[in-house]
Amino acid sequence: MLDVDCQVPSKGRWPTPPFDPRFPNQNQTRNCYQNFLDYHRCVKNMNRRGKSTQPCEYYFRVYHSLCPMSWVQRWTEQIKNGTFAGKI
């Protein structure tokens with residue numbers, strides 16, 4: 001997993017997502033989907049432990065930078081309806 005502490009930008013500034021060696025190709029669809037899953041898994045685990053979800057913000061910012069909003073809205077709606085295909 002990526003080191004979240006070194007990825008935190010200065011306050012109020014968020015550059016493009018950093019290079020992820022798991023997704024070296026130009027097509028970033030899988031990167032988008034994986035960061036969406038990682039965010040929701042992170043939030044679920046942190047809530048279960050009773051800890052702050054602040055470390056999950058990295059994944060949130062990355063998938064919001066990479067994913068089309070229509071995908072995010074559809075996936076979020078599917079999660080609410082219990083029909084999302086990914087394992088969270």
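Run residue 6 past the list (1) assigned to a helix (DSSP H, G or I); (2) at pLDDT 90 or above and report the number of the one that doesn't hold.
(2)
Would you confirm, using the coordinates I've provided, whether residue 40 is outside any loop (DSSP other than H, G, I, E, B), surrounded by 10 or more Cβ atoms within 10 Å (Cβ to Cβ) and modelled with pLDDT of 95 or more? Walk me through it before giving the result.
Details: outside any loop (DSSP other than H, G, I, E, B): yes; surrounded by 10 or more Cβ atoms within 10 Å (Cβ to Cβ): yes; modelled with pLDDT of 95 or more: yes.
So residue 40 passes the test.
Can you report the number of residues in segment 57-88 which are among the hydrophobic types (A, V, I, L, M, F, W, C) and within 19 Å of residue 15 (Cβ to Cβ)? Walk me through it before giving the result.
The first filter runs over segment 57-88 and keeps only residues among the hydrophobic types (A, V, I, L, M, F, W, C), leaving 60, 62, 66-67, 69, 71-72, 75, 79, 84-85, 88.
So of that shortlist, the ones also within 19 Å of residue 15 (Cβ to Cβ) come out as 60, 62, 66-67.
Residues flagged as among the hydrophobic types (A, V, I, L, M, F, W, C) and within 19 Å of residue 15 (Cβ to Cβ) within segment 57-88 amount to 4.
Give all pairs with beta carbons closer than 7 Å in which a residue from segment 7-33 that is among the charged types (D, E, K, R) meets a residue that is at pLDDT 70 or above and in a loop (DSSP other than H, G, I, E, B); count only pairs at least 6 apart in sequence or on separate chains.
The qualifying pairs are 30/23.
Against the conditions (1) closer than 22 Å to residue 70 by Cβ; (2) part of a loop (DSSP other than H, G, I, E, B), where does residue 22 fall short? Just the number, please.
(1)
List the residue pairs whose Cβ atoms are under 9 Å apart, where the first residue sits in segment 59-85 and is more than 18 Å from residue 17 (Cα to Cα) and surrounded by 10 or more Cβ atoms within 10 Å (Cβ to Cβ), the second is modelled with pLDDT under 95 and aliphatic (A, V, I, L, M), and the two are 6 or more positions apart or on different chains.
Partner pairs satisfying both residue conditions: 78/85; 79/88.
Taking only segment 43-73 into account, find how many residues are among the hydrophobic types (A, V, I, L, M, F, W, C) and in a loop (DSSP other than H, G, I, E, B). Talk me through it step by step, then tell me what you get.
Going residue by residue through segment 43-73, those that are among the hydrophobic types (A, V, I, L, M, F, W, C) are 43, 46, 56, 60, 62, 66-67, 69, 71-72.
When the remaining residues are screened for being in a loop (DSSP other than H, G, I, E, B), the result is 67.
The qualifying residues number 1.
The values are calculated or read from the model by the stated rules, or taken from the named source; none is laboratory data. All values reported here derive from a predicted model rather than from experimental measurement. Note: ideal-geometry Cβ built from the backbone for every residue, glycine included; neighbour counts use all protein chains shown.
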